[in-house]
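One structure is given below, encoded as structure tokens.
The values are calculated or read from the model by the stated rules, or taken from the named source; none is laboratory data. Every value quoted in this text rests on a predicted model; they were computed, and no experiment measured them. Every residue, glycine as well, gets a Cβ built from its backbone with ideal geometry; the counts of neighbours run over all protein chains shown. For accessibility, only protein heavy atoms count, side chains too; no ligands or nucleic acids. Shrake-Rupley method; radii C 1.70, N 1.55, O 1.52, S 1.80 Å.
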Amino acid sequence: MISPVILTVPGLLGSGTDHWQTRWERERADTHRIELGDWDNPNRTVWMSRIDQAVTAARGPVVLVAHSLGCQAVTWWANALGPSGASSVLGALLVAPPATERAALDPRIARFGNDPRRALPFVSLLVASEDDPYATLAESQALARKWGAGLVDMGLAGHINARSGLGSWPQAQAVAELLRDARTGNVRLLADQAQALLLDPDATPAHPRAVTPGGMTVGRSAPHR
């Protein structure tokens, strides 16, 4: 049986060396980055294609862990494929998606277009921050409703990136493993469990993986910022 893998999906400009996604890729043998390409000037169609290629290349079950605009790329990809095309996805952790419909946002974000309104065909959790400059908590709640995702409120955590000082964010690693091992599609129950994990300063991954010299990437390489 093929063991599940975690595929990270960064957002605009990629995830730099101190970002929690990059730390996971360095520290966990089961975690790999999807290289979306064109980090400075994202193309929605290209990013969707790269996600599709990476999920197919995994040849087994995956958990998608997306940050910022990477969340929208995941939702557009899943919306295009539907339940049968995304059947290998066990779940998705969507962290700090921006409100793309807000006119004042970076035009590179805004041109991704209005977010899909169809519920995702797999279990998902949306992690939001109350002081995220790219989405208010109310906007994050609206996105969670559109996508059928459970909402988890991180409190005051900014854009939940390297500047948030999360380090390797072991609590979120535990949440990703919760999605990986879940035997329920009850997003409210999973959101409650995730909320407890994310707010627990002592939470750690249940199944830590061996440290590897460098995380494997999936797709075309690009410089990380």
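For the reader, a short list of remarks on this structure follows.
- When only alpha carbons are used to place a centre, the range 76-150 and the range 157-174 end up 19 Å from one another.
- Residues of the range 76-104 falling in the label zone of Asn114, defined by backbone nitrogen less than 15 Å from a point 7 Å along Cα to beta-carbon, are 100-103.
- Table column - 3J(HN,Hα) (Hz), the range 76-89, Karplus curve with 6.51, -1.76, 1.60, x for Gly and Pro: 5, 4, 5, 5, 6, 8, x, x, 5, x, 10, 5, 7, 7
- Charge sum, other residues only, whose C-beta stays under 14 Å from Val55's C-beta, Lys/Arg counted +1 and Asp/Glu -1: +1
- Gain in span if fully extended, Gln53 to Ala142, counting 0.36 nm per residue against the direct Cα distance: 29.1 nm
- Accessible area per residue for the range 81-156 is 42 Å², calculated with a 1.4 Å probe on protein heavy atoms, without ligands, DNA or RNA.
- All-pairs Cα distance distribution in the range 4-108, expressed in whole percent, bin size 10 Å: 15, 51, 29, 5, 0
- Rounded to the nearest Hz, the phi-derived 3J(HN,Hα) couplings of the range 192-201 under the Karplus curve 6.51 cos²θ - 1.76 cosθ + 1.60 (θ = phi - 60°) are 4, 5, 5, 4, 5, 5, 5, 9, 8, x, where x marks glycine and proline.
- Calculated percent of Cα pairs over 21 Å apart (choose from (1) 68; (2) 49; (3) 54), label: (2)
- Mean Cβ count within 10 Å, highest first, over the residues of peptides 54-65, 123-134: 123-134, 54-65
- With contributions of -39500 (n - 2.57) from each DSSP H run of at least four residues, the per-residue ellipticity at 222 nm computed over the chain stands at -10500 deg cm²/dmol.
- Note, ³J(HN,Hα) from phi for the range 34-39, Karplus 6.51, -1.76, 1.60, rounded to Hz, x at Gly and Pro: 8, 7, 6, x, 6, 4
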